[in-house]
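The block underneath contains the structure these notes are about, expressed in C-alpha cells.
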Amino acid sequence: MTLALDGLTILAVCAGAFFFLAGTVGLLRFPDPLSRLHALTKADNLGLGLIVLGLLFQAGGLLAALKLIGVWLLALLAGASISQLIARTARPGGPPA
Amino acid sequence: MPYSATAGGFLLVLAIVLPVAGVLIALLFGRRYAERIALAVMPFGLAVAIAIAVAVSNTRQVLQYVIGGWQPPLGVALRADGLSAAMMVTAALLIPAIGLYARPQFSQPPGTERRAPLVFWILLLAVWAALNAVFLGADLFNLFVALELLTFAAVPLVCLDGRAETLAAALRYLLFALLGSALYLLGAVLLYGAYGTLDIALLSARVRPEPAAWAALSLMTVGLLAKAALYPLHLWLPPAHAGAPAPASAVLSGLVVKAPFFLVVRLWFDVMPRLPDRAAAQVLGVLAAVAILFGSLLALRQVRLKLLIAYSTVAQIGYLFLIFPLAGGARVGHPWITSAWTGGVLQAISHAFAKAAMFMAAGLIYEALGHDRIAGLAGVGKALPITVFAFGLGGMSLMGLPPSGGFVAKAMLLTAAVADGQWWWAVVVLAGGVLAGGYVFLVLARALADPSEPLALLAYISRTRQAVVLVLALFAVLLGFVPLRPWELLLIGRPDAAAMAFR
Amino acid sequence: MSAATLYGLSAAVLVGVGLFGLIVHPHPLRKILSFNLIGGGVFLLLGVVARRGAAAGFGGDPVPQALVITGIVVAFAATALAVMLLLRLSQETGRSTLASDE
Amino acid sequence: MVFDIGLAVLVLGVAVWTTAARDAFAAVVGFVAYGLLLALVWVRIAAPDVALTEAAIGGGVTGVLLLGAGTRLRAIEATAPAGEKPGSGLQLAAGMLCVFVTGGLAAIVLLLPEPAPTLAPLAAAHLAGTGLDNPVTAVLMAYRAIDTLLETVVLALALIGIWSLAPDGVWGGLPGPRHHIDSDGVLTFLVQLLAPVGILVGIHIFWIGSVAPGGEFQGATILAAMWLLAMMAGLVEAPPVSRRWLRLVLVIGPLTFLAIGLAGFGMSGAFLAYPEAYAKLLILTIEVPVTLSIAATLALLVAGPPERAQQR
C-alpha cells in the first residue's frame, strides 16, 4: 500500500516538475510578455497542482492535506490575479486609463 | 560570576524607562502635550542621573541590575560604573538646557499640531533614552539595539527643516550609521560564536587573543568609528551637524557622537582589556591626530559659522581617541594611565558643554541676523553680548585655555604623553589648541568689530535663551576648576590598574 | 563539511559582496540594497552559530535565533527610513544622488 | 547536502546579480528573490521561527517597500542622469578589501570552537518558568525581553522619522500616494478573497508562537501585509497621521509592555519579571497589543510620510 502511494507521489511530483521546467523554458525563450505569461501560468497552476497532488499521498492527516490544498488554492488565486495585472500593463495599448 | 543586584539598581531601569515612556505618551497625545511631557520628564530624568552618580560615588561600587531576574548569559544586565554615571549626568544636564532653549523655536500653536515641534520633542526624549541605554548596557546585543535607537532618534533631527541639502545630509548620515551597525553586529556575532555569551563581564573573562576576538574587535571598532565620525569616516558629519536646527545640532555634536566613542572605550578597556596591543592603539592615535589637525584646518577655511563649529567637532572627536595610545601605551601601574583616562573622559564631557553652547549661540546669531556668514558678523558682539561671550567661553574650552574643562582635559593628555615619552601626541595636542584658537578668534574678531552700517536684527532674542547658552558655557569653564588630578568617580568600576594597561 | 559550515562560508561571501556594492554603487537605492545584503550575511552567520549550538533537544541555540528576529525587524525599519528619505530627497531635487555638497 | 550546496550557490548567485545588475529596478527584483531563498536557508539550519520572519519581512514587506520605491524613483529619474560609478582603481581597491573581509570571516567560520558554546541547555532549563514551549519566544518575551521592548520603540521611532519627512502643509494628512480602485476589479477580487484568509493566518501564526514556530513579529507582518494590500487595491485609505485612535494603536503595545514590566517590580521584585504562575498569561497580555502595534507600524512604515492634506 505505502509502496503504491509512494509510486503515485513520485509520478505526480515528476510530472509537476516537468511542467515547471517547461514553463521556465517558455519564460526564457518566448519573445513577448504575453506569451511568456502564457507559459508561466501553465507551470504555476498545473505544475504546483501536480506536486500538491503527489504530496497529498504523503500527508499525515486530514488537516495536513487541507493545508496543502489551501496552499495550492492561494497560489492559484495569487497567480491568476497577478497575471491579469501584468497582462493589462503589457497589452500593446498599455493599461486602460 | 553571577551579577548580584545592588541597592539602587532600579534607578538604572528608571533612567531608561522614564524617557521611553515620555516618547510613547508624547506620541499618543501629540499637539502641545508633546512639549509639556518632554519638559515634565526632564527634572525626573536629571534626578535619576544624579541619584545614580551619588550612589556610585558613595558606595564606590558599580551599580548593577539583572533585568527580569534572568542572570546573564541567558538574560541581560544593566551596569553603571563611574564613567557611565559621569556621562549620564552630562546628558541629563544638557538635555533640559537644550529643551529650555528650544521652547520658543519649537512651540506648538494652540489647537493644532505642526510637524517639526512634535517630532523635535519626541526625538529629544528618544535621544536621551538611547544615550542612557548605551551608557548602562552590559550586553553587546542590548547595546546594538540601543545604538539603533540612537540612530533612529538622531537622523530625523538632521532634516527637520525638510530642505534638499539637509535631506541629503540625513540620508548620508543614515547610510554611514547603518554600515556601522552592521559591522558592530558582525563583531558581536563572532564573539557569541566563539565564547557563547554577549555579556561584557563574562566576555572579559573568556576572551583570548585569537583570530575571532581580533576580527570582532576590528569590525566593531571600525563600525563605531563610522558612527563617531573619526577621520577618515567623518565625511557625513559637517553637513549633518551644520544643517540641523541649532538645538538639534547641540544634541548631535554634544552628546550623540559621544555614544559610539563610549562603546569603543567599553570594548577596548572592559570587553577585551588584554587584547589590543600597542600597535593597534597607535593606529587609533594616528587617526585621532589626523582628525585634530585636518578638522581644525578645515574649520579655519569655513565661511559659515555652523559649518566652522561642525568641523571643529571633527577635530575635537580626535582628542577623545588619544585616550587609546595614552592610556594603553603605559606600563603597568604608572600613574599617567589614569591621567590620560581622566583627560579623555573629561574632554568628552567638557566638549559636550562647550560645543552645545557654541551651536546654540550660533543658532541665536542666525535667528537675529537671518544668516550665519562669518564675514557678516560685525556688530553682533554689541547686539548680543551675552551670546557672543558664551561662544567665546566655549571656544576657550576648545582651545584648552585655563581655566576651562578643555584645559584640564588637554593638560592631562599632555602630561600623560610627555610622561610616557610619547611626545608626538603632545605636539598634536598643542598644535590643535593653536588652530582652535585661530578659528575661535576669527569668529570673535568679526563679531566684536564695528559694523560698516548699523545692524538690523530680524528677531528679538530673549534673555532666557541667551542665559541658557551662557550657563552651558560656564559649565564647560567650571570643569576647569576641578583639581588637576585623576577623578576618583571616573575610576570606580575600572578593572585594577594592571588590567587597564594593554599588553 | 557540514551544512552549517557551508552556510557560514556563504555568509562570509554575502558580507563581502554587500560591502563591495555599498562602496562602489553611487546610487543610494543600490547602497540600501547592499546594506541589506550585508545584513542577510550577518544574520545568516548568527543562524549558523545558532545551528552549531544545537543542544537540549533544540535544533539550534534559541538565543541567537531570537536575536536574528530582532535584527531582521530593526533592519527593515532602517530600510524603510532610508528609502523614504531617498524618495523625499528625489522629490525635492528631481534626482536621487548624493552628489553636490558644499 | 546536495540540496544545501545548490541552495547556497543560488543565494550567492542572486546576491552577486543584485549587486551587478545595471538597472536599479532589476536589482530590487533580485533582492526580493534573495529574501525568499534566505527563508529556505533558515529552514535548512533548523530555525523555522526565523524562516517565517525572513519570508514575511525579507521577502514580503521589504519587497513591497523596495518595488514601490523603485517604481517611483524610475518615474523621477527618467529625466536625470544617473551618478557616476567610481573609477576602476577604486573598484579594484574595494574588491580587494571585500575579498580580504570575506577571507577573514571564512577563516574564522572554519576555526569556530568545537563543541560550539551554546545557551540552549540554559534556555531549556528555565523554559518552565516562562510557561512557554517555544524557546525562541521565551528568549524574546522573557530572558531578553528588554531587547524586544526597546525594539518596539525603535519601530515607533522609525515611523516618527518617516512621518517627519512630510511637507509642512500636509502634516496630519494621509500617508502615501492615492491608490485608485482597480477598474477591472481583479485586485479588488484578490484582496477580498485573500485578506480574510491572510488575517486568519496572521492571527494563527501569532497565537501558535508560544508552543510552535511563530510569534508576534511574524503574525504582525502578515497582518500588516494584508492591510497594505487593501490600501494598494484602493479599498481602504491609510488613516490620517493625526488621528488619536491611530496613535493609540501605535503605542498601546510598547506601553502595555512597559506597564507590565514595571508591575514586575511589585509582583516578582524585578523589572520585566513574571511570577511563575501567571507568566504565560502576562506574556500573552503583552503580546496581543504588541502584535497590533507592530502590524500597524510595519504597514505605515511602507505607506510612507503624509503626502495629501486631510479632507475636511
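Any read-out appearing in this document is the output of simple, stated calculations on the displayed coordinates, not a laboratory observation. Source: prediction; values computed, not measured. All Cβ positions, even for glycine, are placed from backbone atoms using ideal geometry, and neighbour counts span all protein chains on display.
Sites listed here are trypsin sites (Lys or Arg not before Pro) in the range B:1-90 whose DSSP assignment is loop and whose Cβ has at most 16 other Cβ atoms within 10 Å: B:R60.
Using Cα pairs under 8 angstrom and six or more residues apart, how large is the relative contact order of chain A, in percent? Once normalised by length, the contact order is 31 percent. Shielding by partners for peptide A:10-21, expressed as the average number of C-beta atoms from other protein chains within 10 Å of each residue's C-beta, is 0. In terms of surrounding Cβ atoms within a 10 Å radius of their Cβ, D:M141, B:M88, C:M1 rank from fewest to most as C:M1, B:M88, D:M141.
In units of the rule-of-thumb radius 2.2 N^0.38 Å, chain B shows an alpha carbon radius of gyration of 0.92.
At q = 0.10, 0.21 Å⁻¹ the log10 of I(q)/I(0) for the range C:3-93 amounts to -0.33, -0.98, computed by Debye summation with a single uniform scatterer per C-alpha, solvent ignored. Relative to the longest principal axis of the Cα atoms of chain B, helix B:463-478 runs at roughly 40 degrees.
Span-like helix check, chain D: qualifying full DSSP H segments, with Cα axial length of 24 Å or more and mean Kyte-Doolittle of -0.5 or more, are D:2-20, D:24-44, D:88-111, D:145-163, D:186-208, D:244-268, D:279-303. Taken residue by residue and averaged, Cβ atoms of other chains lying within 10 Å of the Cβ of B:82-95 number 0. Derived value for the protein assembly as shown: Kirkwood hydrodynamic radius 29.4 Å. Basis is the mean of 1/r over every pair of different alpha-carbon atoms. Separation of the alpha carbons by more than 21 angstrom is noted, of B:K258/B:K306; B:K227/B:K410; B:K258/C:K31; B:K382/B:K410; B:K306/C:K31, for B:K227/B:K410; B:K258/C:K31; B:K382/B:K410; B:K306/C:K31.
Comparing C:F35, C:F20, C:F43 in a Gaussian network model of chain C, where Cα atoms under 10 Å apart are tied by springs, the biggest mean-square fluctuation is seen for C:F20.
Placing a label point 7 Å from the Cα of D:V9 along the Cα-to-Cβ line, no residue of the range A:4-42 has its backbone N under 14 Å from it. Here the Karplus relation 6.51 cos²θ - 1.76 cosθ + 1.60, evaluated at θ = phi - 60°, turns the backbone of the range B:445-461 into coupling constants of 4, 5, 5, 8, 5, 7, x, 6, 10, x, 7, 9, 7, 7, 9, 7, 10 Hz, with x for every Gly and Pro. With Cα atoms defining each centre, the range B:204-262 and the range D:247-280 are spaced 33 Å apart in the structure. Screening chain A for whole DSSP H helices with an alpha carbon extent of at least 24 angstrom along the helix axis and a mean Kyte-Doolittle hydropathy of at least 1.0 yields A:2-29, A:62-90. Within straight-line reach of A:K42, meaning a Cα separation under 19 Å, sit the following aspartates and glutamates at least 8 residues removed in sequence or on another chain: A:D32.
Summarising the amide proton neighbourhood of D:E307: residues at separation of 5 or more, or on other chains, whose placed amide H is nearer than 5 Å comprise D:L174, D:G176.
Would you mind checking the tilt of helix B:33-59 against the longest principal axis of the Cα atoms of chain B, expressed as 0 to 90 degrees and rounded to 10? Tilt of helix B:33-59: around 40 degrees.
Give the distance, in whole Å, between the Cα centre of the range A:31-50 and the Cα centre of the range D:113-165. So the separation of the two Cα centres works out to 42 Å.
How shielded is B:162-170 by partner chains, expressed as the average number of their Cβ atoms within 10 Å of its Cβ atoms? Across the residues of B:162-170, the mean count of other-chain Cβ atoms within 10 Å is 6. Going from the residue with the fewest nearby Cβ atoms within 10 Å to the one with the most, A:C14, D:C98 rank A:C14, D:C98. Each residue of the range B:164-178 is assigned a 3J(HN,Hα), and the resulting list reads 4, 5, 6, 4, 5, 5, 5, 5, 5, 4, 4, 5, 4, 5, 5 Hz, derived from the Karplus form 6.51 cos²θ - 1.76 cosθ + 1.60 (θ = phi - 60°), x at Gly and Pro. Note on chain D: with a GNM built from Cα contacts shorter than 10 Å, the maximum mean-square fluctuation among D:L122, D:L258, D:L292 falls on D:L122. What is the angle, in °, between the Cα long axis of helix B:82-102 and the longest principal axis of the Cα atoms in chain B? Nearest 10 is fine, range 0 to 90. Relative to chain B, helix B:82-102 is tipped by roughly 20 degrees.
Counting every other Cβ atom within 10 Å of each residue's Cβ, C:H25, B:H241 order from fewest to most as C:H25, B:H241.
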